[in-house]
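Engineer: Input: one structure, supplied below.
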Amino acid sequence: MKNKFYVTTPIYYPNDIPHLGHAYTTLAADVLARWNKLNGKDVFFLTGTDEHGKKIENVAKENKKSPKEFVDELVPKFKEAWKKLNIDYDYFIRTTDPEHEKVVKEILQKIYDKGDIYLGQYEGYYCTACEAYYTEKDLVNDCCPIHKRKIELLKEESYFFKLSKYQKKLIDLYEKHPEFILPKNKRKEIINRVKEGLNDLSISRTSFDWGIKLPFDEKHISYVWADALTNYYSATRIKGKEKYWPADVHLIGKDIIWFHTVYWPAILMSAGIKLPKTVFAHGWWTFNNEKISKSHGKVINIDELISIAGVDSVRYFLFRNTVFGEDGDFSEQALIDRHNNELANKLGNLISRVSSLIEKNGIEKCENKLLKKLKLKEIEKLFDNYEFDKILNEIFGFIDICNEYVQNKKPWETKDKKVLYELADSIKAIAILLFPFIPSTSEKIAKQFGFDIEIKNIKKPLNEKNKIVKEEILFQKI
Ligand code: MSP
């Protein structure tokens, strides 16, 4: 059996159309999925939408629609956006799928039967925009620390999950498996907070209806995060997908790390289900140094994003510009600069010069000494560590070496077919390695130079019989 690789994105709230922040995680998952597929793994890439809860109920009401009607209109916007960005996911889960609802009930029942759920009274703060509980000390000027809005004081009957019981087990998990929370600096923060102590978690609400009823008490609706987190597992309960659990990596934004590294493993431990291997939290994007948000700030939607310089340039920019795991700032100018200086001037120029010289002079097979300068092992290691910016740096370093080789060897004067062969064979390696990031550009290059995009072809010499001609320019300068 092939090695499997299961990668997930958060499931997005369909309370509005998707934006840059949502695209980022989904693109990162696409990069990892494509890389693992290239390496022959049996990949399952899951994304979807988080459709229950008070937040969705409220926005549907504002729009004079039922929650289901409302989300049914927005879900296609997410699917269209991912298609436009050339994101090749394997399955799209919706928390309103009956199969998902069944698994949520099954898990809640399991935890209840185990004695990890009890009835109590919740008295405390709740931010509907975050769908999260807060204590007095979390608040900033009586407001939610994230949304800076007035926060609701809740007092209602609620079932509680005995999260406190799992404190030691969670600490053991973090210590035995340092790869469970990545990047490393985030891991320390979580360990410190868990060591301070855990309150039991209110896992049901009675003051609204839009959600999954608790199987042991239908007056109560499941807390939306207990419902949502379960998606990662419920998607593998579909026939034929069982082999993918546990997930290899849950990619998320840093704002939702607590839910994924504390609530989620504790729920799984209680239900007796294997734990995911890694939760990786990336940073947040600002737009021209302003917060991306509908209420206060700027939102850049997917069509605007693509219209600046094309799909592959956005994909390239997002992973080249910022360390995955740290915050970044998006600006149109920065994207255009990288499009012009790196994609057009370096990659585009190399392809166009070499193909036009080959069209005139042809190639002759020889040992490719140039390829020895490509640090393939290092690139593989960087993929294992989610260091996307460094991977692109390495590949573009090699592109520079190839461009210098053209400059130094002057094949337009020497008409040296062997030099041109080395360059064409090196371009093959470059295009294969860039495929996870800029797939449609890589496909164009593969077609032009006549090779298939497979890892083994990096080292397999290019066929000298290939007819290579100059094609349309890959990146028009802006
Ligand atoms: N529905 C929950 C996730 C449940 S997962 C079991 C949720 N949804 S969300 O739509 O609000 O956000 C989804 C993701 O988008 C989060 O990982 C969040 O970090 C990410 N981003 C939202 N804005 C972002 C930026 N400005 N920059 C980077 N990522 C951002 O939370």
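The values are calculated or read from the model by the stated rules, or taken from the named source; none is laboratory data. Nothing here was measured: the structure is a model prediction, and the numbers come from that model. Here the Cβ positions follow ideal geometry from the backbone for every residue, glycine too, while neighbour counts run over all protein chains shown.
Engineer: Can you spot a residue in segment 358-377 that is closer than 26 Å to Leu20 by Cα and assigned to a helix (DSSP H, G or I)? Outline the logic, then answer.
Structural biologist: The first filter runs over segment 358-377 and keeps only residues closer than 26 Å to Leu20 by Cα, leaving none.
Within segment 358-377, not a single residue is closer than 26 Å to Leu20 by Cα and assigned to a helix (DSSP H, G or I).
Engineer: Out of (1) buried (at least 24 other Cβ atoms within 10 Å of the Cβ); (2) of a type in the set (Asp, Glu); (3) away from the ligand (no atom under 11 Å from the Cβ), the odd one out for Asp50 is which?
Structural biologist: Result: Asp50 fails condition (3) only.
Engineer: While we're here: Taking strands (runs of 3 or more DSSP E) that fall entirely within segment 1-107, which contain at least 2 residues that are of a type in the set (A, V, I, L, M)? Step through it out loud before you land on a result.
Structural biologist: Numbers: elements: 4-8, 42-49, 91-94.
Because the criterion is at least 2 residues that are of a type in the set (A, V, I, L, M), the strands (runs of 3 or more DSSP E) in segment 1-107 that meet it are 42-49.
Engineer: Now, a different point. Listed residues Trp210, Trp245, Trp225, Trp258; which is within 11 Å of the ligand (Cβ to nearest atom) and either touching a residue at least 24 places away in the same chain (Cβ under 8 Å) or of a type in the set (Gly, Ala, Ser) (or both)? Reasoning before the result, please.
Structural biologist: On the way: Trp210 fails: within 11 Å of the ligand (Cβ to nearest atom); Trp245 fails: within 11 Å of the ligand (Cβ to nearest atom); Trp258 fails: within 11 Å of the ligand (Cβ to nearest atom).
Every option except Trp225 fails the conditions.
Engineer: Next question, about the same structure. How about segment 269-290: which of its residues are within 13 Å of the ligand (Cβ to nearest atom), outside any strand (DSSP E or B) and either under 24 Å from Gly115 (Cβ atoms) or not small (Gly, Ala, Ser) (or both)? Full working, then the answer.
Structural biologist: Our first condition is that a residue be within 13 Å of the ligand (Cβ to nearest atom); within segment 269-290, this holds for 276, 279-290.
Of the ones still in play, those that are also outside any strand (DSSP E or B) are 276, 283-284, 288-289.
Selection gives Pro276, Trp284, Asn288, Asn289.
Engineer: What are the residues in segment 228-242 that are of a type in the set (S, T, N, Q) and away from the ligand (no atom under 12 Å from the Cβ), if any?
Structural biologist: Taking segment 228-242 first, the residues of a type in the set (S, T, N, Q) are 230-231, 234, 236.
Thr236, the sole residue that qualifies.
Engineer: Out of (1) near the ligand (Cβ under 8 Å from one of its atoms); (2) modelled with pLDDT under 95; (3) among the charged types (D, E, K, R), what's the single condition that is false for Lys2?
Structural biologist: Evaluating Lys2 over (1) near the ligand (Cβ under 8 Å from one of its atoms); (2) modelled with pLDDT under 95; (3) among the charged types (D, E, K, R) leaves (1) as the failure.
Engineer: Among the candidates Phe44, Phe92, which residue alone is in contact with a strand residue (DSSP E or B) (Cβ under 7 Å, 6 or more places away or on another chain) and under 23 Å from Asp303 (Cβ atoms)?
Structural biologist: On the way: Phe44 fails: under 23 Å from Asp303 (Cβ atoms).
Residue meeting the stated conditions: Phe92.
Engineer: Can I ask one more? Quick one: which residue in Ile358, Ile351, Ile363 is under 30 Å from the mean Cα position of the chain (by Cα), of a type in the set (Val, Ile, Thr) and under 30 Å from Thr414 (Cα atoms)?
Structural biologist: Working: Ile358 fails: under 30 Å from the mean Cα position of the chain (by Cα); Ile363 fails: under 30 Å from the mean Cα position of the chain (by Cα).
Only one candidate qualifies: Ile351.
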